[in-house]
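**Q** Please find one structure pasted underneath; my questions will follow.
Please treat every number below as a calculation from the coordinates, not as lab data. All values reported here derive from a predicted model rather than from experimental measurement. Cβ placement follows ideal geometry from the backbone for every residue including glycine, while neighbour counts extend to all protein chains displayed.
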Amino acid sequence: MLEGIIAENVKLQRKSRQWSLSQAALETGVSKAMLGQIERQESSPTMATLWKIAKGMQLPLTALIERHTDEQYCTPQPSINVDGVLDFSVLFSFDPLLRSEMFAHTLEPLKEHLSNAHQFGVIEDIIVISGTLEMLVDEQWCELLAGDTLRFRADQPHGYRNNSNIPVIFHNIIHYPA
Ligand code: MN
């Protein structure tokens with residue numbers, strides 16, 4: 001189901017830019033073959049690939065992973081697991097006025113998720129709900145406990161790690177520059 005939503009969004013966004021698959025490959029750094037497979041639902045993209053597409057198309061992440069509709073639902077968002085590492089659900093979709101989106105993440109014990117730089121100027125806020133989270137920022141790992149917060153520039157490589165033996169739950173707000 002997630003593959004279907006992603007496929008539809010990627011194709012729609014590419015067509016709205018009048019990009020061929022080759023052009024989209026140039027802009028995103030994702031191979032033409034892989035883009036074709038994603039659009040045909042033959043392959044489920046990793047988080048790294050999704051972020052490359054979002055970056056190349058100048059889109060927030062939720063523009064790719066959510067079904068788009070003008071209606072507002074009172075139903076909880078299902079949790080999504082793209083890589084099998086970082087489990088997440090959407091708390092707030094991207095809002096064009098606020099230019100932010102918000103996720104809840106669960107990271108299982110001894111799991112690590114590394115991320116490439118997002119679009120220039122992107123800021124992330126981390127709020128730890130429970131457990132202990134380690135964050136890689138400016139090439140250094142720092143430890144965050146429940147209730148701790150961290151704001152950092154996410155237009156550089158960064159990482160999320162759980163070195164403990166219980167899952168860590170944290171919220172993540174992504175701010176996109178105007
Ligand atoms: Mn990130």
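**Q** Could you work out how far helix 47-56 tilts from the main Cα principal axis of the chain, as a 0 to 90 degree angle to the nearest 10?
**A** The helix 47-56 is inclined about 60 degrees to the chain.
**Q** Now a separate question. In a Debye calculation with equal point scatterers on the alpha-carbon sites of the stretch 2-65 and no solvent, what is log10 I(q)/I(0) at q = 0.13 Å⁻¹?
**A** -0.25
**Q** Out of Asn165, Asn116, Asn81, any idea which swings most in a Gaussian network model of the chain, alpha carbons joined below 10 Å?
**A** Asn165
**Q** Throw me the Rg/Rh for the stretch 80-175, computed over C-alpha atoms with Kirkwood Rh, two decimals.
**A** 0.94
**Q** Assuming 0.36 nm per residue, please report the length gained on full extension of the stretch Ser44 to Ser89 beyond their Cα-Cα distance.
**A** Values: separation 45, 0.36 × 45 = 16.20 nm, distance 1.72 nm.
Taking 0.36 nm per residue and subtracting the Cα distance, the gain is 14.5 nm.
**Q** In nm, to one decimal, how far is the modelled label at Leu98 from the one at Arg151, with both set 7 Å along Cα→Cβ?
**A** With each label placed 7 Å out from Cα toward Cβ, I get 1.5 nm.
**Q** Can you tell which of Ala33, Ala54, Ala154 shows the greatest fluctuation in a Gaussian network model of the chain with Cα springs below 10 Å?
**A** The residue with the greatest mean-square fluctuation here is Ala33.
**Q** Taking only the alpha carbons of the chain, what extent do you get along each of the three principal axes, in Å, biggest first?
**A** The Cα atoms of the chain stretch 46, 38, 33 Å along the principal axes, largest first.
**Q** Next up: If you stretched the chain out fully between Ser22 and Cys142, how much longer would it get, using 0.36 nm times the residue separation minus the C-alpha to C-alpha distance?
**A** Gain on extension, Ser22 to Cys142, equals 39.2 nm.
**Q** OK, next. Using only the alpha-carbon atoms, how far is helix 2-16 inclined from the longest principal axis of the chain? Give it as 0 to 90 degrees, nearest 10.
**A** Taking the Cα atoms of the chain, the angle to 2-16 is about 50 degrees.
**Q** Cα to Cα, under 25 Å, and not fewer than 8 places away if on the same chain: which lysines meet these conditions relative to Lys15?
**A** Within the straight-line cut-off, Lys15 pairs with Lys32, Lys52, Lys55.
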